[in-house]
Amino acid sequence: MAQLNAIGIVVSDMEQSIRFYRLLGVDVPQTPDEGHVDTFLPNGVRFMLDTENVIRSFRPEWSRDVGNQVAVAFQCGSASEVDQIYASAVEAGFHGEKEPWDAFWGQRYAQLADPDGVPVDLYAQLSTR
């Protein structure tokens, strides 16, 4: 059976994308002049960023669609970490979609958008009271 072991995101600005994902704790190589960068996440999943030009090198007809077909979510260690990462990202000039809130499903939740508009959620289990 095939296993999902990689997530790839097509980026329009590699430098900004590297900066964004490094701010979220992803150890992406700081090589903004490369068309492709990847790293392995602590859970073993390969995380990849490719420039639009790299994608067009083997799919010349490729174009960025309106809307997003993918979203990613980062589990945080605590509710306060959700708040801290969200604040750091917004302070660094990245787009905050929805400020942190206590969701009815029992998690502290926040929503960002990466430099290309990919939805990026932050979440942590709320402590039981």
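The values are calculated or read from the model by the stated rules, or taken from the named source; none is laboratory data. Quantities reported herein were computed from a predicted structural model and do not represent experimental measurements. With ideal geometry, Cβ positions are generated from the backbone for all residues, glycine too; neighbour counts draw on all protein chains shown. These accessible areas exclude ligands, DNA and RNA; they are computed on the full protein's heavy atoms, side chains included. Shrake-Rupley method; radii C 1.70, N 1.55, O 1.52, S 1.80 Å.
Annotations for the structure displayed:
- Answer from 23, 41, 49 - the residue that is under 14 Å from the mean Cα position of the chain (by Cα) and without any contact (Cβ under 8 Å) to a residue 40 or more places away in the chain: 41
- In the set (1) closer than 17 Å to residue 113 by Cβ; (2) of a type in the set (Gly, Ala, Ser); (3) without any contact (Cβ under 8 Å) to a residue 60 or more places away in the chain, the condition left unmet by residue 12 is number (3).
- For the stretch 24-51, a residue qualifies if it is open to solvent by 40 Å² or more (accessible area, probe 1.4 Å) and either in contact with a Ser or Thr (Cβ under 6 Å, 6 or more places away or on another chain) or within 19 Å of residue 116 (Cα to Cα) (or both), and the qualifying residues are 25, 27, 29, 30, 31, 32, 33, 34, 36, 38.
- Scanning the stretch 34-61 for residues that are in contact with a strand residue (DSSP E or B) (Cβ under 8 Å, 6 or more places away or on another chain) and part of a loop (DSSP other than H, G, I, E, B) returns 35, 41, 45.
- Residues in the stretch 90-114 that are assigned to a loop (DSSP other than H, G, I, E, B), open to solvent by 70 Å² or more (accessible area, probe 1.4 Å) and under 23 Å from residue 13 (Cβ atoms): there are none.
- Restricted to the stretch 57-72, and to residues there that are open to solvent by 70 Å² or more (accessible area, probe 1.4 Å) and closer than 10 Å to residue 119 by Cα, the residue that is modelled with the highest pLDDT is 69.
- When the stretch 73-89 is limited to residues that are in contact (Cβ under 8 Å) with a residue 40 or more places away in the chain, under 25 Å from residue 104 (Cβ atoms) and not aliphatic (A, V, I, L, M), the one that is most open to solvent (accessible area, probe 1.4 Å) turns out to be 75.
- Among the residues of the stretch 60-68, none qualifies, meaning not one is within 17 Å of the chain's Cα centre (by Cα) and of a type in the set (Val, Ile, Thr).
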